Every structure is written in C-alpha cells, then in structure tokens.
Amino acid sequence: MELGSYATASAVLSLRAQELAAPEYRIEIAPYTVELTPKHSVRTVAYNGQVPGPLLRFEEGRPVTIEVVNQSTNAEVVHWHGLFLPSDVDGAMEEGTPMIPPGGKARYTFTPRPAGFRWYHTHTTAGDDLKKGQYGGQHGFLLIKPKQDPARYDQEVFLALHDWDGQMMGSSDGSMSPSYRFSTINGRVLGFGEQMRVKQGQRVLLHILNASATEVHWLALAGHQFHIVALDGNPVPSPRNVAMLRLAPAERVCAVVQMDNPGVWILGEVRKHIHAAGMGMVVEYADHGGLPVWEQPQSLMWDYAQFAAADSAPAATSHAIEIPLVFESKFSGHGAPDRWMINGKSFPNTETGMLKAGERYRLLFKNKSRDDHPVHLHRHSFELRSLPGKPDLRGVMKDVVLVEADTEITVEFTANNAGATLFHCHQQDHMDNGFMMLFRYA
C-alpha cells in the first residue's frame, strides 16, 4: 500500500473514532409540560425534560462534544450564546449551522471560549405561535470555567427569568406585541418553587439570565444589595453595589450578595404587575422562619456606565471603521406585527456588512423607533464606548445591549473570528419580523 493510502486510511479511522466516542453531554429536545404552580401547567418543548435545561460546565480551552437529539415535531438548532465559535456550529441557520430535522441528531464539537457565564437556547422562528422559539422552554445555563478560578464565594446559584402563556395584544397605535399570564424564576411562580437557602455571613454568587422572549426584567432582593462583578459573563472594570438589576432579553448578570441580614426575604421583579404574575423566589436564612418579606422600591435605576473603567477619559484617536445601523419599524396594518428594518431594509433583504480580519469596527446604533431593542452580535464581544450623555466609556464588554427608544449607543469590536456573523434584536417578535442582518469576512 502506498504512503498516501495509509494517510487516507488513518484519517478515516481517526474520524470514525471521534464519531464513536461518547459525547461529554447529551441534550434531548422533546415535548414537556412545565408546572408553573400546582394548578397551572404549560405544554412546551424543553431540554432533557426540565426548565431550565441542564447546567453545562466547560473548561476554557478544553474541547467538548455535545450530542443533540431532536424528538420534537419541528426542525431545531441550538445556539451557544456568547461563545466564540465557528459559524457552522454557532447555532444559527442564517450563518450556515444545519438545522436538526424531527427525529434527527447532530454533534457539536468545539473548544469553549471565552470563560464566563454563557447560555444556550433555540434559534428558530416562532411567528404567530407563542409556544415556539424562545417563547417556550428551550434555554439552559452554560458556564465556562477559567483556567484560574479564585472562587471567592461560598455558594453559587443559577437563576433564569422567563415569561409564559403569551398572547398577542394590540396597542393604542394598532400594532401587536406579546403579553403574558405568568412570569417565573427557574420555571416556577413565587411561592411554588424551591427556596434559596443561605447562612448568615455567606457570599452567594448569583448567575442571573433573562431567558424571556421579549420582556425586560427588573430584579431586587429585599434587605440586600447586589455587588455586580460581571455583565454577560465578562468581568466589569468597576464592580459596584446596586439595589436592583435590569436585564433585557438574553442579558446575564453575575452578582455577589453578602448574606448579612438574617430573615426570610423575597427576590423578585420590581414592577408590581410582573411581580403579581409570579416572578419571585423566597430567600431563607438558616434557623429563621415566618412569612417572606418584600420591600417595594420606588424607582427604577440602572446604568451600564457605572461599571466602566474609572478612568474613562477621552481615549486616543481611534482608527475604528464606523458602521451606522439605524433601527426603524414599518407599520403593517391594524392587528399585524410591525416589520423591523436595519438601514431601511428587513431581513433577508438587509445588506451584508463586510469585515476584514483584524480590523476594529465601531457600530453606531441609532434607534429611531418607539421600542427598546436588546441587540446581540454573535460570535464576538463588543465594548460599550458611548451611551446617551456619556461618551468615552471603556472596559464594559458585552454581547447584548439594550438600545432604548429614540437613543444612540456606540460599541466597538475587533473582527477576530472569521465567518458569517449574525446581528439581530433578541426580542423574538422583532427578529421574526425582519430585525436581523449578517456580517461576513472578506
């Protein structure tokens, strides 16, 4: 046998061995009934028969293989949100990741990076079906451990915020948007889920994910403050104590809470109507009982800029290439959702942004609509550079940022992960109605 034949045979055997090797994780997508309360259940689709899906713990830089089996009746795909992956495994059909047909399966092999709190979720179109896509239960936590983890906490808790049983409702201007009957933490309504049990003196690290399809959520823990250490899984330059959190869809917050106020408290949504819909959890100190206490904040306060580098003075002249992205809507008629546009066009007719590897780019988000938009860039992180009234920010790295109505925000990123890269609003209804575009590398 010639040398070339040996090499070919060796490559085939190596590939076959990879196929036969047991994956580190197996995720099954299948119908599931989530019990929000003992009297209220929702039929949905979930991962491994639970909501949220199983926590995936990876080691930074260590390759991992995940097998995904689709037992649902729809074609599916899993997006590994916040990871720097090749386009064909990132989990977006628009980038070229193959869909998994009903009854089919796929294997994803990749090297996890960067370290931090990420998540995984479906990336399919829902349209008018408010039980599909991100309206349903397909979301789970993903944590990539850094090579050196100081672990300066006593307990680690993962919390997912979600809204259920939605229906499209008309607004005063005739447009349609989702409204929900129930709001939960980890799939359960306040009073019916597991309690967070703590001890006096503990430092509890909370990993909080907003897995809602459309809703921004505000969260407070009565009697305590949050010490913010990371946003979207990325450490912040200036950790701060805050009384409440704001999380747009797909945003994550990592916060340490010093348990120094013994009692029984409520961690819950600040806005009264969402709190009443069930978004809350009881936090109970050891050796304490009684009714849980809620303290209603009187105002909503959140500012990304407070976590920026303390010396955010005007930076040296940047050579970043500016790309303006204007967000607008087109009224489709009474009883119909708006069509969303980037620079005057709706996906799939939006223009493709061309990137050159190694270049620095400045995205200027101009929101000319009356809606807030949590925009997400796949396969990269970006740095917040300006907020309304706050120019020259540095150091806050994210992959989702909420661009409020009638405002402008500037972010910068380096084109360092070649391949098709999706940019979109993370509200399911906005994405479904055209709020997407692709970047490609030249």
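The values are calculated or read from the model by the stated rules, or taken from the named source; none is laboratory data. Keep in mind that what you see is a predicted model, and the values were worked out from it rather than measured. Virtual Cβ from ideal backbone geometry, glycine too; neighbours counted across all protein chains shown. Heads up: the accessible areas ignore ligands, DNA and RNA and are worked out on the full protein's heavy atoms, side chains in. Shrake-Rupley method; radii C 1.70, N 1.55, O 1.52, S 1.80 Å.
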Give the residues of the stretch 131-162 that are modelled with pLDDT under 95 and either touching a helix residue (DSSP H, G or I) at 6+ places or on another chain (Cβ under 9 Å) or assigned to a strand (DSSP E or B) (or both), sorted by residue number. Lys145
Please state which of the following conditions Asn241 fails to meet, knowing it meets all the rest: (1) closer than 26 Å to Leu36 by Cα; (2) open to solvent by 10 Å² or more (accessible area, probe 1.4 Å). (1)
Just the residues that are touching an Asp or Glu at 6+ places or on another chain (Cβ under 9 Å), part of a strand (DSSP E or B) and under 18 Å from Val77 (Cβ atoms), please, taken from the stretch 111-130. Arg118, Thr122
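Residues are listed down the side, and each one gets a yes or a no for (1) touching a Ser or Thr at 6+ places or on another chain (Cβ under 9 Å); (2) open to solvent by less than 10 Å² (accessible area, probe 1.4 Å); (3) within 23 Å of Asp90 (Cα to Cα):
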{"residue": "Phe365", "(1), (2), (3)": "yes, yes, no"}
{"residue": "Pro374", "(1), (2), (3)": "no, yes, yes"}
{"residue": "Lys390", "(1), (2), (3)": "yes, no, no"}
{"residue": "Gly395", "(1), (2), (3)": "yes, no, no"}
{"residue": "Ala405", "(1), (2), (3)": "yes, no, no"}
Name the single residue, out of those in the stretch 43-72 being under 26 Å from Leu161 (Cα atoms) and among the aliphatic types (A, V, I, L, M), that is surrounded by the fewest Cβ atoms within 10 Å (Cβ to Cβ). Leu55
With the condition kept exactly as written, say whether any residue in the stretch 356-379 is in contact (Cβ under 8 Å) with a residue 24 or more places away in the chain, under 21 Å from Gly233 (Cβ atoms), touching a strand residue (DSSP E or B) at 6+ places or on another chain (Cβ under 9 Å) and not in a strand (DSSP E or B). yes
Quick one: would you say Arg16 is at pLDDT below 95, more than 30 Å from Asp399 (Cα to Cα) and either within 20 Å of the chain's Cα centre (by Cα) or of a type in the set (Lys, Arg) (or both)? yes
Determine the pairs where a residue that is at positive phi, located within the stretch 394-415, has a partner that is in a strand (DSSP E or B) with Cβ atoms under 9 Å apart, the partner being 6 or more residues away or on another chain. Gly395/Val236; Gly395/Pro237; Gly395/Ser238; Gly395/Glu383; Gly395/Leu384; Asp406/Asn367
Residues that are open to solvent by 50 Å² or more (accessible area, probe 1.4 Å) and under 21 Å from the mean Cα position of the chain (by Cα): does the stretch 245-268 have at least one? no
Would you please list the contacts, defined by Cβ atoms under 7 Å and residues six or more apart or on different chains, that run from a residue in the stretch 428-442 that is assigned to a helix (DSSP H, G or I) to a residue that is of a type in the set (S, T, N, Q)? Gln428/Gln134; Gln428/Thr214; Asp429/Ser177; Asp429/Thr214; Asp432/Thr125
Look through the stretch 390-406, keep the residues that are charged (D, E, K, R) and in a strand (DSSP E or B), and return whichever of them is nearest to Leu377 (Cα to Cα). Lys398
Right, Ala126: out of contact with any strand residue (DSSP E or B) (no Cβ under 8 Å at 6 or more places or on another chain), over 30 Å from Val264 (Cβ atoms) and surrounded by 15 or more Cβ atoms within 10 Å (Cβ to Cβ) or not? yes
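So for the stretch 421-430 (the condition being in contact with a Cys (Cβ under 8 Å, 6 or more places away or on another chain), within 21 Å of Asp88 (Cα to Cα) and surrounded by 17 or more Cβ atoms within 10 Å (Cβ to Cβ)), does at least one residue qualify? Lay out the reasoning, then the answer.
Step one: filter the stretch 421-430 for residues in contact with a Cys (Cβ under 8 Å, 6 or more places away or on another chain), giving none.
Scanning the stretch 421-430, I find no residue that is in contact with a Cys (Cβ under 8 Å, 6 or more places away or on another chain), within 21 Å of Asp88 (Cα to Cα) and surrounded by 17 or more Cβ atoms within 10 Å (Cβ to Cβ), so the answer is no.
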Extreme residue, farthest from Lys131 (Cα to Cα), among residues of the stretch 33-49 that are part of a strand (DSSP E or B) and within 21 Å of the chain's Cα centre (by Cα): Tyr47
Subset of the stretch 314-346 that is polar (S, T, N, Q) and on the phi < 0 side of the Ramachandran plot - its residue that is modelled with the highest pLDDT: Ser346
Residues (in contact with a His (Cβ under 7 Å, 6 or more places away or on another chain) and among the basic types (Lys, Arg)) located in the stretch 105-159: Arg118
Filtering the stretch 193-251 for residues that are part of a loop (DSSP other than H, G, I, E, B) and closer than 25 Å to Ala126 by Cα leaves a count of 11
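Output the number of residues of the stretch 404-442 satisfying the condition of being among the β-branched types (Val, Ile, Thr) and under 26 Å from Ala213 (Cβ atoms). Even if it seems obvious, please write down each step before you answer.
If we filter the stretch 404-442 for residues that are among the β-branched types (Val, Ile, Thr), which is where we start, we get 407, 409-411, 414, 421.
Now restrict to residues that are under 26 Å from Ala213 (Cβ atoms): 407, 409, 411, 421.
Qualifying residue count for the region: 4.
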Can you name every residue in the stretch 176-192 that is within 18 Å of the chain's Cα centre (by Cα), assigned to a loop (DSSP other than H, G, I, E, B) and farther than 25 Å from Asp260 by Cβ? Gly187
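Kindly establish whether Val282 is among the hydrophobic types (A, V, I, L, M, F, W, C), in a strand (DSSP E or B), in contact with a Lys or Arg (Cβ under 8 Å, 6 or more places away or on another chain) and surrounded by 17 or more Cβ atoms within 10 Å (Cβ to Cβ). If you could, list the steps in order and put the result at the bottom.
Working: among the hydrophobic types (A, V, I, L, M, F, W, C): yes; in a strand (DSSP E or B): yes; in contact with a Lys or Arg (Cβ under 8 Å, 6 or more places away or on another chain): no; surrounded by 17 or more Cβ atoms within 10 Å (Cβ to Cβ): yes.
No; evaluated as a whole, the condition is false for this residue.
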Within the stretch 73-103, how many residues are part of a loop (DSSP other than H, G, I, E, B), in contact (Cβ under 8 Å) with a residue 40 or more places away in the chain and either aromatic (Phe, Trp, Tyr) or open to solvent by less than 40 Å² (accessible area, probe 1.4 Å) (or both)? 6
Among the residues of the stretch 165-216, what is the count of those that are charged (D, E, K, R) and closer than 20 Å to Glu35 by Cβ? 4
